[in-house]
Amino acid sequence: MMSLQHGADRPLVDTHVHIFKRDMPLVPEPRHRPQYDFTVEQLLAVLDAHGVSHAVVAAASPWGDYNDYTLASLRKSRRLRGTIIAQPSIERAILNQMDEAGIVGVRLSVISMKSLPDLDSWEYRKFLHRLADLGWHVHVHADIHQLPAVLPALERAGVKTVIDHIGRPDPVAGTDSDGFRAMVSAVQRGRAWVKLSAAYRLGGNARDCARALLRAVGCDRLFWASDCPFVGAEARMTYQESIDWLNETIDDADARRRIFGENALRFYFS
């Protein structure tokens, strides 16, 4: 594993960023339609400006399984890893090529789905088994109420799971929900990790939920992420604010140091 020195008040690894160009093909009825470019060069400049050494490029639903730009970008910098969106029919030979380029997982975005995919089907069991064999993880983007159905199926498949955005907690129920309890249980069983990210999208209880999660599971399976470039919220969010949010949320300096990068360096870059 790479070993870098960093302070408890600043990040080492940003585990959730996006890169794209405005001319990339969009899926039908995308959740967002960015009218600007955010290139890998721009990303690296933002990281450098904030002293961040490494980042993980998260696949984004507006472009579906058009992973071409991410793959080309990862080949330009050893500071980056990435996830893709893929159909479960994708062949192992293609996954092997992506692995060599720096892909470490597949993003499963079920947040906008009218019904969940059958993760116990033959097609998905084969797919998830291939991911587990590669040492990849499933990067889950789901609303909190979907987690009780999604997480057990992924656990049965034997694949590692990384849950986005504090599990997207309910803005009213907060920690008092079956979904939040399912997330905590999955982390405690040792097959799941959670990103403390995108609090600006989650409502007023995101900080309380992050603190409750830390109390329940400790800090070793938590990652920090910015969600840069804050698609759809560019005018009300900055990179520095995403750093400040974690500093204000987690009091313990050792826990912040691990969440800001040591955990992620081990998970994504070892």
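The values are calculated or read from the model by the stated rules, or taken from the named source; none is laboratory data. Nothing here was measured: the structure is a model prediction, and the numbers come from that model. When we count neighbours, we look across all protein chains shown, and the Cβ atoms used for this are built from the backbone with ideal geometry, even at glycine.
Tabulated results
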{"item": "Considering residues of segment 92-151 that are of a type in the set (A, V, I, L, M) and without any contact (Cβ under 8 Å) to a residue 12 or more places away in the chain only, the residue nearest to PRO169 (Cα to Cα)", "result": "MET113"}
{"item": "Total residues in segment 237-265, condition farther than 19 Å from LEU47 by Cα and either in contact with a Cys (Cβ under 6 Å, 6 or more places away or on another chain) or not polar (S, T, N, Q) (or both)", "result": "7"}
{"item": "Residue, surrounded by the most Cβ atoms within 10 Å (Cβ to Cβ), within segment 110-127, restricted to residues that are part of a helix (DSSP H, G or I) and touching a Ser or Thr at 6+ places or on another chain (Cβ under 8 Å)", "result": "PHE127"}
{"item": "Some residue of segment 191-198 being surrounded by fewer than 21 Cβ atoms within 10 Å (Cβ to Cβ) and either hydroxyl-bearing (Ser, Thr, Tyr) or farther than 24 Å from TYR36 by Cβ (or both)", "result": "yes"}
{"item": "Selection within segment 221-244 - part of a helix (DSSP H, G or I) and under 17 Å from the mean Cα position of the chain (by Cα)", "result": "TYR239, SER242, ILE243"}
{"item": "First in segment 159-175 and closer than 17 Å to ALA212 by Cβ and part of a helix (DSSP H, G or I), second anywhere and of a type in the set (D, E, K, R) and modelled with pLDDT under 95, Cβ under 7 Å, 6 or more apart", "result": "HIS165/ARG201"}
{"item": "Single residue of HIS129, HIS141 found to be modelled with pLDDT of 95 or more, over 26 Å from PRO25 (Cβ atoms) and either under 17 Å from the mean Cα position of the chain (by Cα) or not charged (D, E, K, R) (or both)", "result": "HIS129"}
{"item": "Of all residues making up segment 169-179, the number that are over 14 Å from VAL140 (Cβ atoms) and either of a type in the set (Phe, Trp, Tyr) or in contact with a Pro (Cβ under 8 Å, 6 or more places away or on another chain) (or both)", "result": "3"}
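Residue-by-condition table, conditions (1) of a type in the set (D, E, K, R); (2) surrounded by fewer than 16 Cβ atoms within 10 Å (Cβ to Cβ); (3) under 18 Å from TRP224 (Cα atoms):
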{"residue": "GLY82", "(1), (2), (3)": "no, no, yes"}
{"residue": "PRO88", "(1), (2), (3)": "no, no, no"}
{"residue": "ASP99", "(1), (2), (3)": "yes, yes, no"}
{"residue": "GLY102", "(1), (2), (3)": "no, no, no"}
